[in-house]
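Data first, discussion second: the structure below is written as structure tokens.
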Amino acid sequence: MKNETALTLEGLIGKHYKEFFDFRGRYIWLIGGREAKKTKNTALKFAIRLCSCRTSNLLCVRNVLRDNRDSTYKEMKWALQKLGRLREWVCYGDGPNGSMEMHNKLTGQKILFRGMRGEQAQRIKGIQTDVGFVNMVWIEEAFELDSKADFDFVDGSIRGGRDGLYNPETGEVEGDDPEPEMYIQIICTLNPVSEASWIKTDVFDKPQRKGQTLLLRMNYLMNEFISPESKARYEVMSVDDPERYKVDGLGMWGSLLTSVFNSKKLGERLRGCPAPVAVGEFVYDIEMLPEDRYIVRDYKFTEYDGGFISIYERPEPGAPYIIGADTAGTGSDYFAAQVLNNVTGNQAAVLHIQQMDVDEFAKQLAFLGWHYNEALLAPEVNFGSNYVTAVLRRMNYHHLFVQPMENRYDGQTNPQYGFLTTASSRPRIIDQGVERVREGCEWLNDPKTIKELLTFARNKKGRIEAAPGAHDDLVMSLLIALDLRAKQTHKRRSAAGGGTADDDTGDDNDFETIERLDMRPSLFESPGMRKLLRSMSREEQKRYYNLHSARRVGVEADIRGGMRKKKGNLF
């Protein structure tokens with residue numbers, strides 16, 4: 001008689017994963033190195049639950065839909081085959097244009113595959129099946145999700161269960177005769193490729209509700225099925241490439257991407273960053289006039305824990321400052337702004353917040369600029385987003401960066417408010433930033449900025465961008481601010497007269513042209529502004545003046561004068 005080996009869980013999965021299989025809470029975060037059995041055991045757990053409960057359905061999610069084909073789709077087929085149940089399933093997705101769905105011929109259960117990009121994400125919202133409920137979710141390579149908001153979107157779309165049979169707060173099944181496998185569980189698997197990832201800061205670094213979340217870390221040393229060749233490869237890697245071994249081998253937080261900025265100097269500065277001298281935001285009293293202009297009656301910086309503006313240097317009297325700003329686009333981007341002292345080059349303040357109305361961001365920028373001696377301010381205006389500069393002009397903020405832009409229809413040059421990042425300007429400002437960091441990082445004070453710089457690297461196609469799961473809003477606003485340094489004076493203004501000490505930034509002819517047009521010289525005090533004026537024709541200078549003139553609304557000049565009297569020292 002032929003001997004048959006009984007199918008046991010330990011025989012399938014080996015050791016170290018008992019807690020993973022036993023846990024019934026809502027969330028499991030499974031991180032680790034390669035060949036740590038993460039995906040195999042996740043697929044097996046879902047396959048076992050599908051076979052045990054005829055009303056359970058599974059949703060597999062990746063940032064890009066097609067990436068499921070070579071990961072979650074193949075792994076689920078493998079797991080069902082391992083259990084001897086694959087023959088019950090019809091698999092749509094073996095071809096290049098397959099729909100990537102798996103249907104159980106006997107029960108009607110489904111395994112669905114979705115992506116988070118574009119319209120695909122909407123197919124997740126409130127997802128339902130003909131039979132039973134979607135009560136299981138697998139988010140593979142979860143570090144690819146842009147932010148916790150994307151995770152929360154998936155989490156909020158899952159309502160799998162019957163009223164009275166499960167508790168959505170605990171993920172546990174309740175009732176007189178509950179189906180034992182009808183509980184909600186979301187399993188996120190990933191390699192911890194970036195220490196700056198939101199998963200570390202928003203999940204692993206924060207306390208979790210007991211019984212709701214299981215955080216697990218695995219590595220190749222816990223895989224008894226690993227081949228001797230693979231094990232030897234990791235031993236060599238530990239010597240030749242310690243950083244990769246840290247992530248791929250041991251499953252520790254790190255980065256497999258080499259930052260384009262000097263990682264060693266940034267790492268040293270990160271350990272020595274000072275605490276901010278103040279944290280908070282600007283509160284204000286504003287009235288909108290009928291002509292779509294604002295009267296700012298009062299504003300002040302209010303300190304509180306958790307504020308989105310961090311002050312590292314209080315404004316020095318007479319010192320020129322510059323501000324680069326990055327407006328959040330769609331998705332999970334952040335609003336960000338960087339303030340630099342243009343005499344020392346030091347990082348003076350940082351604004352960083354994810355959820356905010358665009359007009360509120362513009363107002364905070366205006367107050368930040370006025371607070372720092374009416375800093376030269378340059379918001380990024382890519383993707384046709386000029387609303388920030390429009391609000392700033394309504395607030396009578398005059399010291400906006402302007403660059404000449406050629407009209408593609410008539411070839412004429414017109415002034416463009418804000419900073420336009422183009423295919424030519426982006427590499428230039430990145431190269432400038434690389435050089436500035438290489439020279440030294442003592443001028444950087446903000447840890448979040450440094451962490452973003454550390455994850456700014458070349459992707460597989462050679463484009464320089466934030467690593468998967470990381471952001472670049474602080475980086476881009478900083479690069480814009482660094483580019484402004486050459487367009488703003490480097491001299492402190494003298495106490496009397498409002499000029500600069502040893503001012504050698506322009507010639508007298510510039511001011512003569514301005515005065516003949518009855519312009520206010522304070523609007524054009526930087527060398528960059530003077531250079532722009534010299535490039536304009538007489539007609540263009542007049543048009544530029546009309547855009548800036550404070551006389552267009554009679555009360556505006558008095559408003560600015562009144563604000564200067566009220567400002568004082570806000571700290």
Val381 fails exactly one of (1) surrounded by 17 or more Cβ atoms within 10 Å (Cβ to Cβ); (2) at pLDDT below 90; (3) on the phi > 0 side of the Ramachandran plot, namely (3)
Kindly list the number of the only condition in (1) among the small types (Gly, Ala, Ser); (2) surrounded by fewer than 13 Cβ atoms within 10 Å (Cβ to Cβ); (3) in a helix (DSSP H, G or I) that fails for Ala275. (3)
Restricting the search to the stretch 278-314, which residues are in a loop (DSSP other than H, G, I, E, B) and either of a type in the set (Phe, Trp, Tyr) or at pLDDT 90 or above (or both)? Tyr304, Gly307, Phe308, Tyr312, Glu313, Arg314
Pull out all pairs, ordered by first then second residue, where Cβ-Cβ is under 8 Å, the residues are six or more apart or on different chains, the first lies in the stretch 21-40 and is in the same structural domain as Phe151 (by TED's automatic domain parsing), and the second is crowded, with 23+ Cβ neighbours inside 10 Å and of a type in the set (Phe, Trp, Tyr). Arg24/Tyr183; Lys37/Tyr17
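Yes/no matrix, rows are residues, columns are (1) out of contact with any strand residue (DSSP E or B) (no Cβ under 9 Å at 6 or more places or on another chain); (2) assigned to a loop (DSSP other than H, G, I, E, B):
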site: Leu12; (1), (2): yes, no
site: Arg34; (1), (2): yes, yes
site: Asn57; (1), (2): no, no
site: Cys60; (1), (2): no, no
Are there any helices (runs of 4 or more DSSP H) wholly within the stretch 426-534 with 3 or more residues that are surrounded by 13 or more Cβ atoms within 10 Å (Cβ to Cβ) and at pLDDT 90 or above, and if so which? 447-454, 473-484
Just to be sure, is Ala142 surrounded by 21 or more Cβ atoms within 10 Å (Cβ to Cβ) and in contact (Cβ under 8 Å) with a residue 12 or more places away in the chain? yes
Go through Tyr321, Tyr284 for me and flag whichever is under 17 Å from Tyr397 (Cβ atoms), under 26 Å from the mean Cα position of the chain (by Cα) and not basic (Lys, Arg). Tyr321
If I go through the stretch 13-34 residue by residue, how many of them are within 15 Å of Glu224 (Cβ to Cβ) and aliphatic (A, V, I, L, M)? 1
Anything in the stretch 26-43 that is in contact with a Lys or Arg (Cβ under 7 Å, 6 or more places away or on another chain) and hydrophobic (A, V, I, L, M, F, W, C)? List them, or say none. Leu30, Ile31
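Condition check ((1) of a type outside the set (Lys, Arg); (2) at pLDDT below 85; (3) within 24 Å of Glu19 (Cβ to Cβ); (4) touching a helix residue (DSSP H, G or I) at 6+ places or on another chain (Cβ under 7 Å)) across all residues:
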site	(1), (2), (3), (4)
Asp163	yes, yes, no, no
Asp177	yes, yes, no, no
Ile187	yes, no, yes, yes
Ser194	yes, yes, no, yes
Phe225	yes, no, yes, no
Glu235	yes, no, no, no
Just checking, which of Tyr321, Tyr299, Tyr312 is crowded, with 17+ Cβ neighbours inside 10 Å and touching a helix residue (DSSP H, G or I) at 6+ places or on another chain (Cβ under 6 Å)? Tyr299
Determine whether the stretch 233-249 contains at least one residue that is surrounded by fewer than 17 Cβ atoms within 10 Å (Cβ to Cβ), in contact (Cβ under 8 Å) with a residue 40 or more places away in the chain, closer than 30 Å to Arg458 by Cβ and outside the structural domain of Ala390 (by TED's automatic domain parsing). no
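The values are calculated or read from the model by the stated rules, or taken from the named source; none is laboratory data. Here the structure is a predicted model, which is why all the values come from computation and not from measurement. We place every Cβ from the backbone using ideal geometry, glycine too, and count neighbours over all the protein chains shown.
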